[in-house]
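Participant: One structure follows; several queries about it will come next.
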Amino acid sequence: MWPVLRLRLFHASDGARIAYREDGAGQPLVLWHSRGLNHREFTPAAGELQDRARLMLPDLPLHGDSEESPEFPYDIDWAARLVAECTRDIGGARPRVGGSGLGGQLLLRAVQRGWLEPSRMILLPGPLHRPEPVRLVGSLARVSAAAAAPTGPLVSRQLTRGLVRAELIGPDASSRVKTLAAGARTAMLESSERSLAWRRVIARWDPEVFRDLIAAYGEVNCPTLILWGADAPSAPARAANEAADLIEQSLLRTLPGTGTILAHDDPVGFAREIASFLRST
């Protein structure tokens, strides 16, 4: 049984809302999830982690219970600035922070732009600076082309479904991870306002937008754990190795028998590696 985490709301300077869950005591640890999922990506490991930190699990904008109004731009720098502002508010001026997939990419973008100065950072499976997998790029291209045309609410929901399905969760994912993704997708399609906002994202999405993040690694001046899945073909180990080579204070660890969603595939190992990293000097 997963622990019940308390729901909190953060309101950014521009009015955007970020929902987050928290529990535990001590120094905060903020973890941002992958695209198409929500804070539940980490809840299987919450029971282990909340004994070691005050665990903070936000939902990215257009995910979970966070901002969904079409009035916001939803471009990459807006999202990175929002992630940085929320992280500083709930995690402190020099936060301990981590992210997987899109969450990790936005953290790196925020560091690169000088909006965030973590004291410790955790990078979890995702493409990082590497091109997205071919199947994902193809899906995004098809959905982006469709998004450029006028559509009604039903078609907007179909476009949203297309983007959410274009995930780093492959056919070899565990049943638990597939259930997580299906639940998150259903929640994202319930709101017509959210579907309209996703159309804005889809229309301007560039699969290569994070390629220049490789330049951000030289800006990371804090201890960084790169925690990867041994069986994550859609999250290339090559990207993790390149990041580890370029981040001066990095530690690369791999969890055997895991894919891209580590906290579901091996919650005990996931929590153990993070707890050990947070204790280290």
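Participant: Contour minus end-to-end for Ser175 and Thr254, with contour as 0.36 nm per residue of separation and end-to-end as the Cα-Cα distance? Let's see the in-between values first.
Facilitator: On the way: separation 79, 0.36 × 79 = 28.44 nm, distance 2.14 nm.
Taking Ser175 through Thr254 to full extension adds about 26.3 nm, to one decimal.
Participant: Neighbouring Cβ atoms within 10 Å as the yardstick, rank Leu31, Leu252, Leu213, Leu37 fewest first.
Facilitator: Values: Leu31 27, Leu252 17, Leu213 20, Leu37 30.
If I rank by nearby Cβ atoms, fewest first, I get Leu252, Leu213, Leu31, Leu37.
Participant: Also, I was wondering about something else. For the range 48-125 and the range 177-243, what is the separation of their C-alpha centers, rounded to whole Å?
Facilitator: Cα centroid to Cα centroid, the span is 12 Å.
Participant: Please report Thr43, Thr254, Thr224 as a ranked list, fewest other C-beta atoms within 10 angstrom at the top and most at the bottom. All intermediate terms of the calculation are to be shown ahead of the outcome.
Facilitator: On the way: Thr43 20, Thr254 15, Thr224 23.
Going from sparsest to densest Cβ surroundings: Thr254, Thr43, Thr224.
Participant: Could I ask something else about it? Would you mind listing how long the range 86-134 runs along its three principal axes, going by Cα atoms, in whole Å with the largest first?
Facilitator: That works out to 38, 19, 16 Å along the principal axes.
Participant: At 0.36 nm per residue, and after removing the present C-alpha to C-alpha distance, how many nm does the segment from Ser191 to Trp78 gain when stretched out fully?
Facilitator: Going from the current span to full extension adds 38.5 nm.
Participant: Determine the sum of side-chain charges near Glu22: Lys and Arg each +1, Asp and Glu each -1, restricted to other residues whose C-beta is under 11 angstrom from that of Glu22.
Facilitator: Numbers: positive: Arg6, Arg8, Arg21, Arg54; negative: Asp23.
Local net charge: +3.
Participant: Tell me the net charge near Ala80. Cut-off is 12 Å between Cβ atoms, Ala80 excluded, with +1 for each Lys or Arg and -1 for each Asp or Glu. Present the calculation step by step, with values, prior to reporting the outcome.
Facilitator: On the way: positive: Arg81, Arg109, Arg113; negative: Asp75, Asp77, Glu85.
After counting each charged neighbour, the total is 0.
Participant: With a/c under 1.5 counting as rounded, go ahead and sort the range 1-99 into rounded, prolate or oblate using the C-alpha gyration tensor (a ≥ b ≥ c being the square roots of the eigenvalues; past the cut-off, prolate if a/b is larger than b/c, else oblate).
Facilitator: Cα axes put the range 1-99 in the prolate bin.
Participant: Lys and Arg at +1, Asp and Glu at -1: add these up for the other residues within a Cβ distance under 13 Å of Asp51 and post the number.
Facilitator: +2
Participant: How big is the equivalent ellipsoid of the range 185-277 along its three axes, where each semi-axis is √(5λ) from the Cα gyration tensor, reported in whole Å from largest to smallest?
Facilitator: For the range 185-277, the ellipsoid semi-axes come out as 29, 21, 12 Å.
Just so you know, all these numbers are worked out from the coordinates, no wet-lab data involved. Predicted model, so just to flag it, every value in this text is computed and none were measured. Glycine also receives a Cβ, built like all others from the backbone with ideal geometry; neighbour counts cover every protein chain displayed.
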